[in-house]
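Take a look at the structure below.
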Amino acid sequence: MTAALLAAGLACFAAGALADLALGTPRRAPRPVPYLFGAAGSGLLAALGGRVLANRPARLDLGSLLGLGRTRFVVDDLAAFFLVLLFGLAVALSACSASWARRERSPRRGLAAAYLLLLAGVAVVLLAGDAYTFLFAWECVTLAFYALSGLGRSSRHQADGAWLTLVTGKFGGASLLVGFLLLAARTGSFSIAAWHHAGAGPLHDVAYALVVLGFGAKLGVVPLQAWIPAGYPAAPGPLRAAMAGIAANVGAYGLWRFLGVLGAPPAWLVVTVLVLGGTTALLGIAFAGVQARLSRLIAYSSVENAGIIVTAFGIGLAGAATGDRLLESVGLLAASLQVVAHALAKSLLFAAGSSLEQACGSDELDELRGAGRRAPFAAVGFAVGAATLAAMPPTVGFVSEWFVLEALMQEFRLPGLAIRLGMAVAGALVALSAGLAVLTFARVLGMSILGSGEDRRAGHGGAGLGLGARLGLGALAIGCLGAAAVSPWEVRLIAKSLSPLVPRAAVDGALASPWVLQPVFRGFSILSPSWLFVVMPILFAAVALAATLLSRGRMWRVRRVPAWRSATPGVAGPSSYTSFAYANPLRHVLANLLRTTRERRALSVPAEQAAGGGEVGAGAAHHHVVVSTRVVEPVE
């Protein structure tokens with residue numbers, strides 16, 4: 001049954017790719033067909049993962065199918081968990097993509113084939129049991145990234161993003177290749193499971209660092225994050241969500257897998273991972289907060305999420321390095337919860353953002369003012385995703401970030417000063433990034449999606465969403481909220497999936513009671529995300545009732561007053577308070593990090609033009625000052 005589900009899923013991807021290459025894109029009717037094949041194949045692979053989690057692990061030996069050694073597929077609990085998560089998301093994103101392709105004005109031939117190649121590559125990476133199969137599938141994912149970001153290009157900037165995506169992917173693949181060769185030379189085997197016996201020593205440590213570097217490049221860890229804000233926006237429509245929410249998370253899977261294979265890391269690697277993770281989180285959200293385009297803002301937010309995931313993984317490394325199984329468990333649990341939150345919310349943001357862009361004809365934040373009225377369904381989905389990534393209760397992002405911060409507070413349990421300092425620094429950086437995330441998403445929601453402004457694109461078509469997009473966005477939004485409501489069951493599922501790495505009983509220690517969570521260590525702190533869904537509506541109703549009684553009903557009366565738009569009375573229209581202006585304090589306060597540069601130019605405008613042709617000031621000239629501000633990516 002396992003082999004049949006796997007073969008059927010991969011066959012659906014192949015059939016969809018052939019349909020895209022054969023049918024092309026001239027007619028609207030067949031455009032959704034490849035994505036429907038993608039939804040079917042993803043459903044089969046998600047069912048495969050669920051079957052393994054419900055029963056027992058499975059192994060498939062395909063002999064010398066790929067021509068080097070023996071080709072093995074291993075479907076254990078860890079691989080099954082990622083199959084359920086990533087391909088469950090792929091079902092929803094395939095539905096969104098089918099709706100988007102039918103409405104897109106000029107789709108490119110080969111985009112759907114690249115998307116399906118991406119899904120097939122992710123599936124094989126998750127199941128590969130030998131080095132050759134793993135690297136073969138990894139390079140397929142890299143090639144699919146390049147195709148998705150390059151096929152839809154319409155400018156040189158997008159072409160540069162595609163090349164940067166390819167170069168970074170090849171660099172990460174090269175790091176994995178060298179690390180794998182070192183381990184294979186040490187053990188005399190290409191089987192990944194055999195590398196568990198590599199033994200301690202300098203070669204083990206170098207291979208460990210190369211493996212972490214390779215997987216970190218896919219996630220977008222500093223200093224290898226520059227491809228994400230260039231590559232993700234270069235991909236069209238919801239296909240960005242497939243890159244960020246599905247494929248990038250194979251980097252997290254690789255980190256988890258090789259922690260179980262290679263065991264305890266050296267202390268210097270632990271400290272490096274912790275500091276780089278915290279730095280990545282802060283850098284990503286700081287640059288997200290000042291972006292002018294929605295797609296780049298979400299892409300930089302992916303960098304922040306990668307930093308939080310890697311920081312939590314660093315806690316697991318710290319536990320492995322010091323022999324503290326509880327600390328290793330809480331780190332991996334926090335990181336896994338963050339992977340779930342990132343995958344759900346990032347897929348939702350990119351999918352909803354593409355619908356808003358298609359409805360309004362632009363992804364410039366100041367052009368999206370009032371976009372919520374053009375595409376209300378997509379706006380609601382975007383708001384749920386934004387609240388999740390801002391770690392607001394009662395979303396799954398709140399649960400995951402709470403676990404990460406609680407896990408970082410356990411540094412006092414460690415014996416070594418270096419790792420303790422690394423966790424303290426990482427904790428401060430993650431806490432700061434959490435505050436900036438709220439500022440960032442309050443800006444995009446308040447000033448753009450829900451903001452007021454002239455509808456200068458009223459004639460642009462495509463505001464309505466198709467049934468597939470509505471179902472996909474609805475499923476993702478429900479996932480962001482529902483995963484928090486059933487978080488105790490989620491913890492039990494993660495405990496089972498992490499059983500190949502850490503004892504299941506240690507992760508189950510996060511359950512203080514059936515509906516109350518704690519950070520594995522008893523007596524430290526507790527949280528009940530499930531009860532938040534009961535308590536928060538009750539508190540809201542109580543406050544609304546008290547306000548109504550105390551105001552004697554005046555609170556609900558409609559009062560129409562001029563809205564506050566800027567510090568200058570009477571300023572309206574394009575000169576009013578914008579999302580760009582909202583981000584100016586951040587540009588000033590973090591000028592050293594953002595490398596903010598400003599340029600001022602004085603323009604002389606004839607008085608007739610400035611006054612609209614009036615008589616006042618005729619013959620004189622008015623001087624206007626134009627201030628341009630830009631930030632510089634440190635790596636660039």
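The values are calculated or read from the model by the stated rules, or taken from the named source; none is laboratory data. The structure presented is a predicted model; accordingly, all values stated were derived computationally and were not measured. Counting neighbours? That spans all protein chains shown, and the Cβs are built from the backbone with ideal geometry, glycine included. All accessible areas refer to the heavy atoms of the entire protein, side chains included, with ligands and DNA or RNA removed. Shrake-Rupley method; radii C 1.70, N 1.55, O 1.52, S 1.80 Å.
With the requirement that a residue be of a type outside the set (A, V, I, L, M, F, W, C) and buried (at least 21 other Cβ atoms within 10 Å of the Cβ), what does the range 27-38 give you? Show your work before the answer.
Going through the range 27-38, the residues of a type outside the set (A, V, I, L, M, F, W, C) turn out to be 27-28, 30-32, 34-35, 38.
Hits for the range 27-38 are ARG31, PRO32, PRO34, TYR35, GLY38.
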Selection from the range 577-590 of residues over 11 Å from VAL290 (Cα atoms) and aliphatic (A, V, I, L, M) yields VAL589
Subset of the range 509-556, residues assigned to a helix (DSSP H, G or I) and of a type in the set (Lys, Arg), comes to ARG554
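So that you can scan it fast, the table gives a plain yes or no per residue for (1) small (Gly, Ala, Ser); (2) modelled with pLDDT of 90 or more:
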position: SER42; (1), (2): yes, yes
position: GLY49; (1), (2): yes, yes
position: ALA54; (1), (2): yes, no
position: ARG59; (1), (2): no, no
position: ASP77; (1), (2): no, yes
Would you confirm whether or not the range 95-105 contains a residue that is open to solvent by 10 Å² or more (accessible area, probe 1.4 Å), closer than 16 Å to LEU239 by Cβ, part of a loop (DSSP other than H, G, I, E, B) and polar (S, T, N, Q)? no
Result of the Cβ filter at 6 Å on the range 183-204, keeping first residues that are of a type in the set (Lys, Arg) and partners that are buried (at least 17 other Cβ atoms within 10 Å of the Cβ), at least 6 apart or interchain, is ARG186/ALA198
Per the list (1) surrounded by 24 or more Cβ atoms within 10 Å (Cβ to Cβ); (2) under 20 Å from ALA162 (Cα atoms), residue check on LEU117 breaks on (1)
Residues of the range 219-233 being among the aliphatic types (A, V, I, L, M) and in a helix (DSSP H, G or I), in sequence order, are LEU219, ILE228, ALA230
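Yes/no per residue for (1) among the hydrophobic types (A, V, I, L, M, F, W, C); (2) closer than 22 Å to VAL520 by Cβ; (3) not in a helix (DSSP H, G or I):
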{"residue": "THR280", "(1), (2), (3)": "no, no, no"}
{"residue": "ARG296", "(1), (2), (3)": "no, no, no"}
{"residue": "ALA320", "(1), (2), (3)": "yes, yes, no"}
{"residue": "GLU328", "(1), (2), (3)": "no, yes, no"}
{"residue": "LEU333", "(1), (2), (3)": "yes, yes, no"}
{"residue": "VAL340", "(1), (2), (3)": "yes, yes, no"}
{"residue": "LEU344", "(1), (2), (3)": "yes, no, no"}
Scanning the range 517-538 residue by residue, those touching a Leu at 6+ places or on another chain (Cβ under 9 Å) and among the hydrophobic types (A, V, I, L, M, F, W, C) turn out to be LEU517, VAL520, PHE521, ILE526, LEU527, PHE533
The residue from ALA418, ALA424, ALA407 that alone is among the aliphatic types (A, V, I, L, M), part of a helix (DSSP H, G or I) and surrounded by 22 or more Cβ atoms within 10 Å (Cβ to Cβ) is ALA407
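Of the residues that make up the range 192-206, is at least one within 24 Å of the chain's Cα centre (by Cα) and of a type in the set (Phe, Trp, Tyr)? Reasoning before the result, please.
First, pick out the residues of the range 192-206 that are within 24 Å of the chain's Cα centre (by Cα): none.
No: the range 192-206 contains no residue that is within 24 Å of the chain's Cα centre (by Cα) and of a type in the set (Phe, Trp, Tyr).
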Checked the range 520-554 for anything farther than 30 Å from ALA485 by Cβ and surrounded by 11 or more Cβ atoms within 10 Å (Cβ to Cβ); matches are SER551
Here the qualifying pairs (Cβ atoms under 6 Å; residues six or more apart or on different chains; first in the range 431-443 and among the charged types (D, E, K, R); second open to solvent by 50 Å² or more (accessible area, probe 1.4 Å)) come out as ARG443/TYR582
The one condition GLY214 fails out of (1) under 20 Å from GLY161 (Cα atoms); (2) over 17 Å from the mean Cα position of the chain (by Cα); (3) open to solvent by 10 Å² or more (accessible area, probe 1.4 Å) is (3)
Of the candidates GLY199, GLY237, GLY216, GLY179, the one satisfying the condition of being touching a helix residue (DSSP H, G or I) at 6+ places or on another chain (Cβ under 8 Å) and under 18 Å from CYS140 (Cα atoms) is GLY216
If you go through LEU417, LEU429, LEU436, the only one that is modelled with pLDDT under 90 and of a type in the set (A, V, I, L, M) is LEU417
- [ ] Might you let me know whether the range 460-468 holds any residue that is modelled with pLDDT under 85, open to solvent by 10 Å² or more (accessible area, probe 1.4 Å) and not in a loop (DSSP other than H, G, I, E, B)?
- [x] yes
Given (1) within 13 Å of ALA101 (Cβ to Cβ); (2) open to solvent by 50 Å² or more (accessible area, probe 1.4 Å); (3) among the aliphatic types (A, V, I, L, M); (4) at pLDDT 85 or above, ALA7 misses just (1)
Within the range 469-502, of all residues that are farther than 22 Å from LEU389 by Cα and among the small types (Gly, Ala, Ser), the one most open to solvent (accessible area, probe 1.4 Å) is SER499
GLY41 vs. criteria open to solvent by less than 40 Å² (accessible area, probe 1.4 Å) and free of Cβ contacts under 8 Å to residues at least 60 places away in the same chain
no
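For ALA505, state whether it is part of a helix (DSSP H, G or I) and open to solvent by 40 Å² or more (accessible area, probe 1.4 Å).
On the way: part of a helix (DSSP H, G or I): yes; open to solvent by 40 Å² or more (accessible area, probe 1.4 Å): yes.
It is true that ALA505 is part of a helix (DSSP H, G or I) and open to solvent by 40 Å² or more (accessible area, probe 1.4 Å).
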